[in-house]
Amino acid sequence: VQLQASGGGLVQAGGSLRLSCANSRRTASNNGMAWFRPAPGKERGFVAGISWRGGGTGYADSVKGRFTISRDNAKNTLYLQMNLLKPEDTALYYCAAARSSFYSIRQMEYAYWGQGTQVTVSS
């Protein structure tokens, strides 16, 4: 599985960005997927996750109501729509494919990782 994240950039506080994560192989289309970013005390902290059917989603408290995770299994692509961005959202965002059909908040449950895309929010 090869995951390619894109869509990061520089944006002012209050602005929006949409991240994408393309999966070059179909084998992960049945996997739960998620976005992570570095967090205090953790290499990577959970941001948002989605089950392989897309019916189940979850978010970190810090992004609830501002970020929306979605996926298009026909295109093998994961998305993260980020609105009302804050300077504290500045980070390298990683997409990941889980070992199962469901997402998890624990990074150890993910077998495949993208290379990360940088999001910088200026105040």
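The values are calculated or read from the model by the stated rules, or taken from the named source; none is laboratory data. This one's a predicted model, so the numbers in the text were calculated from it and none came from an experiment. Heads up, the Cβs are rebuilt from the backbone with ideal geometry, glycines too, and the neighbour counts pull from every protein chain shown. Side chains included, ligands, DNA and RNA excluded: accessible areas come from the protein's heavy atoms. Shrake-Rupley method; radii C 1.70, N 1.55, O 1.52, S 1.80 Å.
Would a scan of the stretch 38-50 turn up a residue that is under 10 Å from the mean Cα position of the chain (by Cα), open to solvent by 20 Å² or more (accessible area, probe 1.4 Å) and aromatic (Phe, Trp, Tyr)?
yes
Restricted to the stretch 73-102, and to residues that are of a type outside the set (Gly, Ala, Ser) and closer than 18 Å to LYS42 by Cα, which residue is farthest from the chain's Cα centre (by Cα)?
Only one residue tops the list, namely GLU88.
I'm trying to understand the selection: among the residues of the stretch 74-86, which are more than 14 Å from TYR59 (Cα to Cα) and open to solvent by less than 50 Å² (accessible area, probe 1.4 Å)?
Residues satisfying the conditions are ASN76, THR77, LEU78, LEU85.
Within the stretch 57-71, is even one residue crowded, with 18+ Cβ neighbours inside 10 Å and in contact with an Asp or Glu (Cβ under 9 Å, 6 or more places away or on another chain)?
yes
For residues that are in a strand (DSSP E or B), at pLDDT 95 or above and open to solvent by 80 Å² or more (accessible area, probe 1.4 Å), tally how many sit in the stretch 101-123.
Of the residues in the stretch 101-123, 1 are in a strand (DSSP E or B), at pLDDT 95 or above and open to solvent by 80 Å² or more (accessible area, probe 1.4 Å).
Please go through the stretch 100-123 and pick out each residue that is under 9 Å from MET33 (Cα atoms) and of a type outside the set (S, T, N, Q).
PHE102, TYR103, TYR110
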